[in-house]
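All of the numbers you see were taken from the coordinates with simple rules; none came from a lab. Here the structure is a predicted model, which is why all the values come from computation and not from measurement. We place every Cβ from the backbone using ideal geometry, glycine too, and count neighbours over all the protein chains shown.
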Amino acid sequence: MIRVFIAAVFLSVAVWALPAGIESAIRQSGIPKSDISVYIKEAGSSSRVVASLNAQTTRTPASVIKVMTLYAAVLKLGFDYRWPTQFYVNGRIVNGTLRGNLIVKGFGDPTLGSSNLDAIVSQIKQKGVRHITGSIVIDRSYFRVGTKNSSKFDENPYSPYNAMPDAMMFNERVSTICVEPRKNSVSKKSPDGSYIIHNQLKRVNRPCRGRYAWPHVKIDDSKAVPEVWLKGTISKRCQKRDICQVITKPYLSFYYALSAALKESGVTVDGTMRLAKVPKSARILFTHYAVPLEKIIAKTAKKSNNLYARHILLLLGAREFGAPATLEKGRRAIRKILMAHGALGKGTLHIDNGSGLSRSSKLNAKQLATLLDHAYVRYGMRWMQTLSIAGVDGTIKRRFRGTAARKRAWMKTGTLKHAKNIAGYVKSRNGRYYTTVILVNTKKSRWKAAKLEDAIILWLVGYKGRGGSAVVAAPDPVVKKDAYHDVSVPDAGIPKPFYVQAGSFAHYPSHAYLQKIAREHLPYKVIPGREFKVLIGPFATEKETRRVLKRVRERISTGAFLTTKTKLNTGGVRLY
């Protein structure tokens, strides 16, 4: 009983005690502790916790929830995955004439835009097409998302961050209107007959500031063809102004832009645009591929691109549960993927649309830290570099410029009304990396929350300690010798190690699979549980483990990865 009491006291102190520097920052912020969740631990370590406050309290995450969506995509698809857009024909090409339709099937590539048209047109011409007697048919059935242009999350319904997803995305659903006061010119940046502009601007010879600097924009999307009204006065001295708004359907914008690009290159189209699925009789002409997923993830995280995050969630839903993608499939897919890889911590989790542009999304700080720690161990700097780098790029480019945290923090931010959050990694001056999650859900001003977060991160840069355990670990259960364990070897003598996880199976792995590992003269363990995990190791250093990982991926399992799992659900292991 005395031991239990001591353990309970230790646990309460470890969970609730905060370093003096963080206590001071919270006190100076004026924000109640009940509004703040903090969880900071040495990255990759299972026990070295620096600070824990309300770590399991459910919070509104805002855009920090994007890391859940993005990491699930990395685990499922890999950094090198390239989003496709397929082009088909359902007729014969004779002497340069396609006697039939050109069919485009979108799979939700959110990066597809005007800059890709030259490459697409070039591919069409390389296939010998100079004239199309039919129509341009667009298949947007891969996503089942409805027809709304905007989420209308707030009072700025036409702002780009409110854009809704579509399988046939183009220019991120944003229409750009170019206003050049000096030339008295108003034009569309990309050819697009799907909306109308009414120019009622009056030019005046005044300085380009205040009410003379920008036109007043009014959008009427109640009609079949949306109308944009430019009103007010604008200075003749103003430079070019680009007005970027969510106005029309992306597949219509794509059709008009593609038609114009084809015409300019000498390819004529007799028909118009139709929406339909790819018929079984169609044959593929070519596939256009987006940039690698790694770049898409980096833009999503650094720029906090909501549309990209929504598309990634939907893609995962389709890949995990089949097309058409739906919001619910995407939510289920993210949970399933993270859980399967042991990256989903405990607590309430509601992902909603995957972007954080939601008041119903929920998670807790420790959940987020569990995922971030998993990503740190598995992918290291490659994953970290996709986040905003303090003082360098993304949403914290200016926030940490000229501070000690510059180039020492890799973070994802999240901001909504009454929510100011930040999560990622911080490198201290002594070279240690810390998984860091700070969630502030408060009615106090957001700038106070940001100031608090900055103070904690700057304190952590100068932190010289190692942290202590916030969890009193129970001893590993004793597992009796059974069919899965020919030899019982105590785990206590193994140092805190690195492993290569070679595989995870619903049933005990086959003899043939295990013989592959044995032939490589590698020590391994089969860990029973909800699934059977095969761990190769242990190894004393990460460098040594990565050499083995390379060999395992080449000869045994391409999906193998590095892990620092130190607590096993068994007291006996089989070693070879």
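How big is the antiparallel share of DSSP beta bridges in region 175-245, given as a percent to the nearest 5? Can you show the working numbers first?
Numbers: 14 of 21 bridges.
That works out to approximately 65 percent antiparallel.
Just from its helices, what would the mean residue ellipticity at 222 nm be for the chain, if runs of 4 or more DSSP H residues each count -39500 (n - 2.57) and the sum is divided by every residue, rounded to the nearest 500 deg cm²/dmol?
On the way: 13 runs with 160 residues, N = 576.
Mean residue ellipticity, 222 nm, calculated: -8500 deg cm²/dmol.
Could the peptides 131-139, 208-216, 407-415 be put in order, highest first, of the mean number of other beta-carbon atoms found within 10 Å of their residues? Can you show the working numbers first?
Working: 131-139: 20.0, 208-216: 14.9, 407-415: 23.7.
Result, highest mean first: 407-415, 131-139, 208-216.
Would you work out the relative contact order for the chain, in percent, from Cα pairs under 8 angstrom that are 6 or more residues apart? Don't skip to the end; give the middle numbers.
Working: 1265 pairs, mean separation 104.2, N = 576.
Relative CO of the chain lands at 18 percent.
Please give the helix 20-29 orientation as an angle from the longest Cα principal axis of the chain, in degrees from 0 to 90, rounded to the nearest 10.
On a 0 to 90 degree scale, this one is about 40.
Please list, in chain and number order, the residues 5+ apart from Ala43 or on another chain whose amide H is under 5 Å from its amide H, with Hs placed from the backbone.
When sequence neighbours closer than 5 places are left aside, the close amide H contacts are Tyr433, Tyr434, Thr435.
Using only Cα atoms and rounding to the nearest 10 degrees, what angle (0 to 90) does helix 2-16 make with the longest principal axis of the chain?
30
So what is the relative contact order of region 175-245, in percent, for Cα pairs below 8 Å that sit 6 or more residues apart?
On the way: 148 pairs, mean separation 30.5, N = 71.
Result for region 175-245 is 43 percent.
Give the peptides 318-326, 296-304 in descending order of average Cβ contacts within 10 Å, highest first.
On the way: 318-326: 17.4, 296-304: 22.6.
Those peptides, ordered most packed to least, come out 296-304, 318-326.
Using each residue's phi in region 347-355, evaluate 6.51 cos²θ - 1.76 cosθ + 1.60 at θ = phi - 60° and report the 3J(HN,Hα) Karplus result to the nearest Hz, with x for Gly and Pro.
Values per residue, Gly and Pro as x: x, 5, 9, 10, 8, 6, 9, x, 9 Hz.
Would you please put 181-194, 241-254 in order of how densely packed they are, using the mean number of other Cβ atoms within 10 angstrom per residue and starting with the highest?
On the way: 181-194: 15.7, 241-254: 21.8.
Highest-to-lowest ranking by the protection proxy: 241-254, 181-194.
Mind pulling up the Rg/Rh value for the chain? Radius of gyration and Kirkwood radius, both on Cα. Working shown, then result.
Numbers: Rg = 27.7 Å, Rh = 26.8 Å.
Computed over Cα atoms, the ratio is 1.03.
Write out the cysteines belonging to the chain for which the nearest other cysteine Cβ is not under 4.7 Å, or none if no such cysteine exists.
Cys178, Cys244
So if the hydrodynamic radius of region 175-245 is defined as the Kirkwood radius over C-alpha pairs, what does Stokes-Einstein give as its diffusion coefficient at 20 °C and 1.002 mPa s, in µm² per second?
Details: Rh = 12.4 Å.
Here the translational diffusion coefficient equals 172 µm²/s.
Apply the Karplus parameterisation 6.51 cos²θ - 1.76 cosθ + 1.60, with θ equal to phi minus 60°, to every residue of region 114-119 and state each ³J(HN,Hα) to the nearest whole Hz, in sequence, with x for glycine and proline.
3J(HN,Hα) across region 114-119, in whole Hz: 4, 5, 8, 5, 4, 5.
Using only alpha-carbon positions, what ratio does the radius of gyration of region 314-447 give when scaled by 2.2 N^0.38 Å?
My calculation over the Cα atoms of region 314-447 gives 1.13.
Once phi is turned into ³J(HN,Hα) by the Karplus curve 6.51 cos²θ - 1.76 cosθ + 1.60 with θ = phi - 60°, what whole-Hz value does each residue of region 85-101 show in order, with x for glycine and proline?
With coefficients 6.51, -1.76 and 1.60, one gets 9, 9, 10, 10, 10, 10, x, 8, 9, 10, 6, x, 10, 8, 8, x, 9 Hz.
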